[in-house]
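The values are calculated or read from the model by the stated rules, or taken from the named source; none is laboratory data. Small disclaimer: the values here were computed from a predicted structure and weren't measured. Note: ideal-geometry Cβ built from the backbone for every residue, glycine included; neighbour counts use all protein chains shown.
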Amino acid sequence: MATELQDICLAVYPRIKVLFQPTDRTKPFQEKERAYVLKVLAITQAEMKHFGNALKTARSIPDLEDKTESFREIAAVQVRAELFDIAKETAHHITDLGKRTQALREIAIAQTQAGLTADARATFHAAREAARQMEFWHGRVEAQLALAIAQAHAGYSTEAQVTFGDAQDTTQERIQEGNSRIGAEVLTLAELRDIAVAQAQVGEFTSALRTAQIIRDETLRAEAYNQMEARDDIIQAEAYTYCMSRRNLRGGIHLRVRWW
């Protein structure tokens with residue numbers, strides 16, 4: 001049955017390609033529909049292990065979003081088949097650097113679970129490089145945080161600290177730009193809060209404390225302390241002392257009760 005399905009798919013494939021060739025009268029919704037059909041075809045080909053045809057179909061998809069999703073799904077199928085090197089090649093077809101970072105991160109996690117430590121480190125490094133090339137700083141920080149958390153959970157604490165450092169560098173660069181737009185600095189400091197919380201989440205308490213201490217906004221720093229799900233004595237003492245020194249009695253009592 002599986003063989004028959006493969007034969008049918010391969011026989012129908014050229015006809016689908018011809019049917020959905022764009023014309024001068026093609027409307028936007030027709031182009032989107034064509035992209036969707038090609039995406040489904042590419043994923044189906046990948047699931048049947050026809051990776052060459054799947055990649056060829058994915059490259060022909062006119063819509064960038066559908067093309068990106070196709071490459072991600074193809075890479076995911078290859079990961080499930082433990083074809084990690086091929087999956088990495090597929091991930092590099094993704095032009096959206098955020099999506100590429102995510103795909104590489106997922107491959108690295110799978111490699112770690114398969115016991116391929118050296119390969120996983122190399123893939124995490126490739127993901128880190130992709131994240132560092134992202135244009136928009138907000139998305140870059142989010143990608144770097146997700147990557148650092150994955151590295152920490154995989155047991156690569158040294159690499160996780162480096163990636164957390166990348167996220168901090170991104171926010172510091174943003175602050176130093178001196179952007180005068182209303183709320184820009186607050187948004188940037190909010191990213192530092194998220195970094196501190198993420199560091200505490202993976203047990204990097206000393207780093208989390210250092211990150212929280214450079215948050216200039218009192219409210220955001222208090223939020224950082226409040227969101228740290230930590231039983232670390234140093235963080236608890238620092239958080240309580242900070243809230244009380246700023247006459248934030250309610251916040252200090254809340255932290256004591258919550259961490260008691």
message: Taking the condition of being modelled with pLDDT under 80, assigned to a helix (DSSP H, G or I) and β-branched (Val, Ile, Thr), how many residues in segment 162-182 meet it?
response: 1
Unique residue being within 23 Å of Ala208 (Cα to Cα), crowded, with 18+ Cβ neighbours inside 10 Å and in contact with a Leu (Cβ under 7 Å, 6 or more places away or on another chain) when the list is Thr163, Thr170: Thr163
message: For the condition surrounded by fewer than 22 Cβ atoms within 10 Å (Cβ to Cβ), over 26 Å from Leu41 (Cβ atoms), of a type in the set (D, E, K, R) and within 17 Å of the chain's Cα centre (by Cα), what is the one hit in Arg105, Arg121?
response: Arg121
task: Residues that are modelled with pLDDT under 55 and not charged (D, E, K, R): find the helices (runs of 4 or more DSSP H) completely inside segment 195-260 holding 2 or more of those.
output: 249-259
task: With the checklist (1) part of a helix (DSSP H, G or I); (2) more than 13 Å from the chain's Cα centre (by Cα); (3) small (Gly, Ala, Ser) in hand, flag the one item Gly115 doesn't pass.
output: (1)
query: Within segment 183-190, can one find any residue that is modelled with pLDDT under 70 and outside any helix (DSSP H, G or I)?
result: yes
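Let's see how each residue does on (1) touching a residue at least 12 places away in the same chain (Cβ under 8 Å); (2) assigned to a helix (DSSP H, G or I); (3) touching a helix residue (DSSP H, G or I) at 6+ places or on another chain (Cβ under 7 Å):
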site: Glu82; (1), (2), (3): yes, no, no
site: Ala87; (1), (2), (3): yes, yes, yes
site: Thr90; (1), (2), (3): yes, yes, yes
site: Gly98; (1), (2), (3): yes, yes, yes
site: Ile107; (1), (2), (3): yes, yes, yes
site: Gln144; (1), (2), (3): yes, yes, yes
site: Ala148; (1), (2), (3): yes, yes, yes
site: Thr158; (1), (2), (3): no, yes, no
- line: Of the residues in segment 108-123, those that are out of contact with any Asp or Glu (no Cβ under 9 Å at 6 or more places or on another chain) and either outside the structural domain of Gln151 (by TED's automatic domain parsing) or closer than 22 Å to Gly139 by Cβ (or both) come to Ile109, Thr123
